[in-house]
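First comes the structure, then the notes that go with it.
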Amino acid sequence: MRMIHSPPAHITLNHIRLGIVCPMANERDTVRPFIAAVLAHCTGLQAVQFFAVVDRASTDGTVAILQELSQADARVTVVWAEASRCVVDAYVRGYQEAIAAQCDWILEIDAGFSHAPTDIPKFLAKMQQGYDCVFGSRFCRGGKISDSSWRRYVISWGGTFLTNLLLGTKLADMTSGFEMFSRRALQAVLDNGIHSRNHFFQTEIRVFCHHFRIAEVPIHYRSASASVNNSVVQEAFKNLWRLTRQRLNGRLWQVDLCAQYSRHPLGATAKLTD
């Protein structure tokens, strides 16, 4: 099957409720300026809600600061993910909170300024054109990586190359976690299921989102750590092979997209044809 889309329609921001999902751990030194910077670059919208997802891994006082911020600013919501066992659980809990709050668009961003809040307007501008998903890219024209090791760069670029080769995707960056979704697209991804239990889940999401109208925008990424755990790389290869087998068996996408589009009507329309 191939996807046939209606022409993109311009969407005005003052009709959009934006949810921002940001898992946090030990961010005591940057949490205040980071949230302030993110909110400062989310202007012109009907409403903005920042969902800071924390769990027992946060031990440096970040939770107390977030609670103080939430009392002073109704746009800040602290989500306590007690059942979180890994980074994927934290993100999924944040997604669920944003969807339950009826946010029209959901932005995913890393804490600590590894993702630049100044890039947020690029995502908003693309979403206004009727896209379902907009992905930040370090490897497209205008993208940039700083404070990173060559090993991390090679792993990210190599992961993108292998994913595109094996799964038929076409993005310049398949491993970044700076992205924005329409509610219906993100709900479809959650309904389909995220099976990776480590950072490869970002790649898994981008693979599934190829069934929607997607775009990339250049971002500046500052690596929070120069090292990459070998177990993370091994898990990524394991899940890439799992998705490759699913593609070969015609089972890569298991949700009826037409039903998802009718369930979440905001944005562009689509239909399937043989």
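The values are calculated or read from the model by the stated rules, or taken from the named source; none is laboratory data. The model shown is predicted, which means the values in this text are computed figures rather than measured ones. All Cβ positions, glycine included, derive from the backbone under ideal geometry; neighbour counts span all protein chains shown.
Could you list, in sequence order, all residues of the stretch 50-62 that are out of contact with any helix residue (DSSP H, G or I) (no Cβ under 8 Å at 6 or more places or on another chain) and crowded, with 20+ Cβ neighbours inside 10 Å?
SER58
Looking at PHE113, PHE139, PHE161, can you tell me which residue is aromatic (Phe, Trp, Tyr) and in contact with a strand residue (DSSP E or B) (Cβ under 7 Å, 6 or more places away or on another chain)?
Sole residue among the options that is aromatic (Phe, Trp, Tyr) and in contact with a strand residue (DSSP E or B) (Cβ under 7 Å, 6 or more places away or on another chain): PHE113.
Test ARG56 against the criterion of being of a type outside the set (Val, Ile, Thr) and part of a helix (DSSP H, G or I), and give yes or no.
Considered against the rule, which asks whether it is of a type outside the set (Val, Ile, Thr) and part of a helix (DSSP H, G or I), ARG56 comes out as no.
Mind listing whichever residues of the stretch 190-209 are surrounded by fewer than 18 Cβ atoms within 10 Å (Cβ to Cβ) and assigned to a helix (DSSP H, G or I)?
Once the filter is applied, which keeps residues that are surrounded by fewer than 18 Cβ atoms within 10 Å (Cβ to Cβ) and assigned to a helix (DSSP H, G or I), the stretch 190-209 yields LEU190, ASP191.
LEU162 - would you say it is modelled with pLDDT of 90 or more, closer than 25 Å to GLY142 by Cβ and surrounded by fewer than 22 Cβ atoms within 10 Å (Cβ to Cβ)? Walk me through it before giving the result.
Details: modelled with pLDDT of 90 or more: yes; closer than 25 Å to GLY142 by Cβ: yes; surrounded by fewer than 22 Cβ atoms within 10 Å (Cβ to Cβ): yes.
Yes.
Quick one: would you say PHE161 is among the hydrophobic types (A, V, I, L, M, F, W, C) and under 16 Å from the mean Cα position of the chain (by Cα)? Give the steps one after another, and end with the answer.
Values: among the hydrophobic types (A, V, I, L, M, F, W, C): yes; under 16 Å from the mean Cα position of the chain (by Cα): no.
Against the criterion (among the hydrophobic types (A, V, I, L, M, F, W, C) and under 16 Å from the mean Cα position of the chain (by Cα)), PHE161 does not qualify.
Among the residues of the stretch 137-153, is there at least one that is surrounded by fewer than 22 Cβ atoms within 10 Å (Cβ to Cβ), assigned to a loop (DSSP other than H, G, I, E, B), touching a Cys at 6+ places or on another chain (Cβ under 7 Å) and not β-branched (Val, Ile, Thr)?
No - not one qualifying residue is present in the stretch 137-153.
If you scan the stretch 81-111, which residues turn out to be out of contact with any Cys (no Cβ under 7 Å at 6 or more places or on another chain), surrounded by 16 or more Cβ atoms within 10 Å (Cβ to Cβ), hydrophobic (A, V, I, L, M, F, W, C) and closer than 22 Å to ARG17 by Cα?
Selection gives ALA90, VAL92, ALA98, ILE99, CYS103, TRP105, ILE106, LEU107.
Can you confirm whether ILE65 is over 30 Å from ASN14 (Cβ atoms) and surrounded by 15 or more Cβ atoms within 10 Å (Cβ to Cβ)?
Taking the combined requirement at face value, the residue satisfies it.
Could you grab me the full set of residues in the stretch 182-219 that are of a type in the set (A, V, I, L, M, F, W, C) and touching a Gly at 6+ places or on another chain (Cβ under 7 Å)? Give the steps one after another, and end with the answer.
Step one: list which residues in the stretch 182-219 are of a type in the set (A, V, I, L, M, F, W, C), which gives 185-186, 188-190, 194, 200-201, 205, 207-209, 212, 214-215, 217, 219.
Across the stretch 182-219, the qualifying residues are VAL217, ILE219.
Given (1) surrounded by fewer than 16 Cβ atoms within 10 Å (Cβ to Cβ); (2) more than 28 Å from HIS15 (Cα to Cα), identify the lone condition not met by GLN46.
(2)
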